[in-house]
Amino acid sequence: MDLREQLIALRKGTGMNKKQFAEYFGIPYRTFQDWELGNRTMPEYLLRLMVYKIQMERRLEQEEASGDTG
């Protein structure tokens, strides 16, 4: 799976549309759109950071829901 496909899968996994996802990460919508369309290639490290941020926020949400404060 190439970076573009991974980015699309990540966004869809969050349940966000393109605009919401771009705003969530502070990325200009047009830039994000170009990455998904394959017009531009996003930096690989950025995808890794996005995955990390989403994983950490989900973990925090789960901990808060279970009452575990760490």
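The values are calculated or read from the model by the stated rules, or taken from the named source; none is laboratory data. Just so you know, these numbers come straight off a predicted model, no measurement behind them. When we count neighbours, we look across all protein chains shown, and the Cβ atoms used for this are built from the backbone with ideal geometry, even at glycine. Remember, those area values only see protein heavy atoms, side chains included, never the ligands or the DNA or RNA. Shrake-Rupley method; radii C 1.70, N 1.55, O 1.52, S 1.80 Å.
Expressed as a whole percent, the accessible surface of the chain that belongs to carbon and sulfur atoms is 48, based on a 1.4 Å probe. For the range 1-43, the alpha-carbon coordinates run over 21, 20, 15 Å along the three principal axes, in decreasing order.
Computed from backbone phi, the HN-Hα couplings of the range 46-62 come to 5, 4, 4, 5, 4, 4, 4, 4, 5, 4, 5, 5, 5, 4, 4, 4, 5 Hz, rounded to whole numbers (Karplus: 6.51 cos²θ - 1.76 cosθ + 1.60, θ = phi - 60°; Gly and Pro given as x). Multiplying the residue separation of residue 29 and residue 57 by 0.36 nm and removing their Cα-Cα distance gives an extension gain of 7.9 nm.
So what is the 222 nm mean residue ellipticity for the chain from helices alone, if each DSSP H run of at least 4 adds -39500 (n - 2.57) and you divide by all residues, rounding to the nearest 500 deg cm²/dmol?
-23500 deg cm²/dmol
Normalised per residue, the accessible area of the chain is 72 Å², obtained with a 1.4 Å probe and no contribution from ligands, DNA or RNA. Farthest toward the positive end of the dipole of the chain, out of 52, 38, 27, is the Cα of 38, where the dipole comes from beta carbon charges about the Cα centre. Put 11, 40, 30 in order of accessible area, highest first, and with a 1.4 Å probe you get 30, 40, 11.
Shape class for the range 11-70, computed from the alpha carbon gyration tensor (a ≥ b ≥ c): prolate, with a/c not under 1.5 and a/b above b/c. The dipole here belongs to the chain: it is taken about the Cα centre, uses +1 on the Cβ of Lys and Arg and -1 on the Cβ of Asp and Glu, and is about 320 debye.
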